[in-house]
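Data first, discussion second: the structure below is written as structure tokens.
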Amino acid sequence: MAALASNPQMLTRQGHSNYKKEQFWRKESLNLEKKCGFCCVKVYNYEKLGRSQVEKEWRLKAFWSNVSQPETIEMVPINDVDELEAVLSDARNLSQPIIIEWMASWCRKCIYLKPKLEKLAAEYNNRTKFYYVDVNKVPQTLVKRGNISKMPTIQLWKEGEMQEEVIGGHKGWLVIEEVRELINKYV
């Protein structure tokens, strides 16, 4: 059996009703499914030749997730007030809201939320930009500009002004849902 795959080094083999090869295919189909989006399907064909005979055949099926949209988009850091002003002016020109996560490298909840926000950024790709500020690595004038008092704080900015914020002291999935509601309100 031949198959086209995104990885030219991937090899496929034809399976027969032989027990050792079935074992190979069972193991290999699980590996292919986890890594590449391939799985093997067992198909039974019944033919009557005097008495019923079962012929086993393996087929390779490919399934692809939405490859046009990335799973995560890395958040861009903001390091000083000038960068924040540039980001805000770009967002104002595009009339897009932006999300800024104010975090600290020592804050466990902040570190926990960042990958979840990057997945959310992929979901709202081209409609909202996502940024983060590490408050320990930036000048305090930037922290004062954001009016930050607790970590993590996720703010939605539109038209150069902070519109709403979520202070993430509670469960991560609740914070993400609240941020999703904010974005849907302003997009």
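The values are calculated or read from the model by the stated rules, or taken from the named source; none is laboratory data. Small disclaimer: the values here were computed from a predicted structure and weren't measured. Note that we place each Cβ from the backbone using ideal geometry, even for glycine, and neighbour counts take in every protein chain shown. The protein model used for the area step is the full one, side chains on, heavy atoms only, and it has no ligands, DNA or RNA in it. Shrake-Rupley method; radii C 1.70, N 1.55, O 1.52, S 1.80 Å.
Accessible surface calculations at 1.4 Å, restricted to protein heavy atoms, place the range 61-187 at 58 Å² per residue. A 1.4 Å probe over all protein chains sorts K144, K150 by accessible area into K144, K150, starting with the largest.
Count Lys and Arg as plus one, Asp and Glu as minus one, and take only other residues whose Cβ is under 13 Å from that of V81; the net charge is then -2. For the range 76-186, the share of accessible area belonging to carbon and sulfur comes to 49 percent (1.4 Å probe, ligands and nucleic acids excluded).
Sorted largest first by accessible area at a 1.4 angstrom probe radius, with every protein chain in place, the residues D90, D82, D134 fall in the order D82, D90, D134. If I take R0 = 45 Å and measure r between the Cβ atoms of S149 and S68 in this structure, what FRET efficiency does the formula 1/(1 + (r/R0)^6) give, to the nearest 0.05? Result of the calculation: an efficiency of 0.65.
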